[in-house]
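Notes for the one structure printed next.
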Amino acid sequence: MAGRKGGGEEFVYRISTSEEWEALQKTGTTLGGELDKTDGFIHLSSLHQVQSTLQNFFLNSNRDLYLLQIESKKLGEGLVYEAVDASNVFPHFYGPSRSFSPLPLDAVTKAEKLTLSALSVSSQKRPILVNFGDSNSDTGGVLAGTGLPIGLPHGITFFHRATGRLGEHLNLSFLSPYLDSLAPNFTSGVNFAVSGACTLPQFVPFALDVQVRQFIRFKNRSLELLSMGKKKIYVILVNASFEAAGSGNFIDESGFRSALYMIDIGENDLLLALYASNLTYSPVVARIPSFLAEIKLAIQNIYQYGGRKFWIHNTGPLGCVPKELALHPHKESDLDRIGCLRVHNDVAKAFNKGLHKLCKEMRLVYDDATIVYVDIYAIKYGLFANYKRYGTIDGLLWVRRASKQLQCESNMWATCYSICRNVSRAIIWDGVHYTDAANHVVATSILSVRYSTPPVKLEQFWPA
């Protein structure tokens, strides 16, 4: 299981039995329990993972438990963050050279006794995300929903293994896909996005309207389980400043109402329309109102089921994607000033103009809701146009090389990869999807709120 060293956290946490804690104080070290000895490392958690760890491993424990706060830097390079599934990355302590060293007492800065209560608590103030979309935000939905084998190099730069993801600011665990039936974690929200999703046609897996129907089912079933007594455990700590975030695996009514509903979809609709029209602008633009009508309907339905906070992404510069440059023979006159296909970007801008107008109209209709429109197009186009500013030296030069080198089969949906040699210094890594480095720039730009209308910061959705 490959991992990455360090996680930028000052502290990590260990849930210890009273026996383990007493032994640690007496001997100065511990090798943990049977699970730790079997796995060859000490299992730890980030603060936001403490609640779910208690839920999953200690719910029926009759032992006294202690939460140990451990200073990360004292564990050195022996502290490794590893993906344990498609949704969670946990800290593990191996010791130097992965030698399975005992956890030292001098790394523990605080220990508090835990009291577990079967009380359900409100999740209103903790961040919860509910996401709808396509491969731009799929976290394993296509893998869980279709069983398609998604292997390396997907996930190679972050998880170091394939996870089904095609692609901390809020200190949340990664969003589990709704369709994942094996140990999902919904403490931070849920993801309905699936690669290849469109707004139309309706009733086709996994179109936007289907994703919204899945959300309605998810909400109703979550509340039903809570009403049946499937309560969430809550950690009551002696020291209130040591409080762990989260409250189990179910989202309650206040959680759904305070959640942020994110929508990022439309790219595949535009591309399919372009292919069907032989890259002709007018027929595609004529279909845009039908795409926007589906997004409007999604917002209306989510609002009807309690959603009041919306985060809507427009679509990126489709004409700058290497796959499109490779698939479609073109002349210099077909390209814009930085070498992207003009017609692709023009239809994207037309779609975005309509989406911006739709968000403005919806704010007037739902005056008790917050609807933020985010200009992803401007962010990504700026990345292509000014790649040297970010140290992404391959930039659009790689896009141009890719347009000449990619040899796709006659079927436009055939797998078509020409992976750049250094994905940490490129914008697109496989002809379609943005690299981890590029997405870091995109995320930083989104969080700056310079591209948001109105300019609302994410933190404002969950005031302390």
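Being modelled with pLDDT under 80 and of a type outside the set (Asp, Glu) narrows it down to one residue among ARG4, ARG14; which is it? None of the other options fit; the residue is ARG4. Of all residues in segment 53-76, those satisfying the criterion of being at pLDDT 90 or above and charged (D, E, K, R) are GLU71, LYS73, LYS74. Hey, any hits in segment 154-175 for a residue that's modelled with pLDDT of 65 or more and closer than 28 Å to SER445 by Cβ? Checked segment 154-175: at least one residue is modelled with pLDDT of 65 or more and closer than 28 Å to SER445 by Cβ.
Here's the yes/no breakdown for (1) modelled with pLDDT under 95; (2) closer than 30 Å to PRO289 by Cβ; (3) under 26 Å from the mean Cα position of the chain (by Cα); (4) assigned to a helix (DSSP H, G or I):
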site	(1), (2), (3), (4)
ASP367	yes, yes, no, no
PHE384	yes, yes, yes, yes
TRP398	yes, no, no, yes
SER403	yes, no, no, yes
GLN407	yes, no, no, no
CYS416	yes, no, yes, no
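Selection of segment 75-92 for residues being over 30 Å from ASN191 (Cα atoms) and either crowded, with 20+ Cβ neighbours inside 10 Å or in contact with a helix residue (DSSP H, G or I) (Cβ under 6 Å, 6 or more places away or on another chain) (or both) yields LEU75, GLY78. Counting only residues that are surrounded by fewer than 16 Cβ atoms within 10 Å (Cβ to Cβ) and of a type in the set (A, V, I, L, M, F, W, C), segment 433-455 holds 2 of them. Residues of segment 301-325 that are surrounded by 24 or more Cβ atoms within 10 Å (Cβ to Cβ) and either among the basic types (Lys, Arg) or assigned to a loop (DSSP other than H, G, I, E, B) (or both): ASN314, THR315, GLY316, PRO317, VAL321. Pairs linking a residue in segment 288-299 that is of a type in the set (Ser, Thr, Tyr) to a residue that is assigned to a helix (DSSP H, G or I) and buried (at least 21 other Cβ atoms within 10 Å of the Cβ), with Cβ atoms under 9 Å and 6 or more positions apart or on different chains, are SER290/ASP269.
Scanning segment 22-58 for residues being in contact with a strand residue (DSSP E or B) (Cβ under 7 Å, 6 or more places away or on another chain), assigned to a helix (DSSP H, G or I) and surrounded by 14 or more Cβ atoms within 10 Å (Cβ to Cβ) gives a total of 9.
Scanning segment 319-330 turns up no residue that is among the β-branched types (Val, Ile, Thr) and either at pLDDT 95 or above or under 21 Å from the mean Cα position of the chain (by Cα) (or both).
Does PHE215 qualify as being in contact with a strand residue (DSSP E or B) (Cβ under 8 Å, 6 or more places away or on another chain), at pLDDT 85 or above and farther than 24 Å from ASP64 by Cβ? Against the criterion (in contact with a strand residue (DSSP E or B) (Cβ under 8 Å, 6 or more places away or on another chain), at pLDDT 85 or above and farther than 24 Å from ASP64 by Cβ), PHE215 qualifies.
The values are calculated or read from the model by the stated rules, or taken from the named source; none is laboratory data. Keep in mind it's a predicted model, so treat the numbers as computed, not measured. Note that each Cβ is placed from the backbone with ideal geometry, even for glycine, and that neighbours are counted across all protein chains shown.
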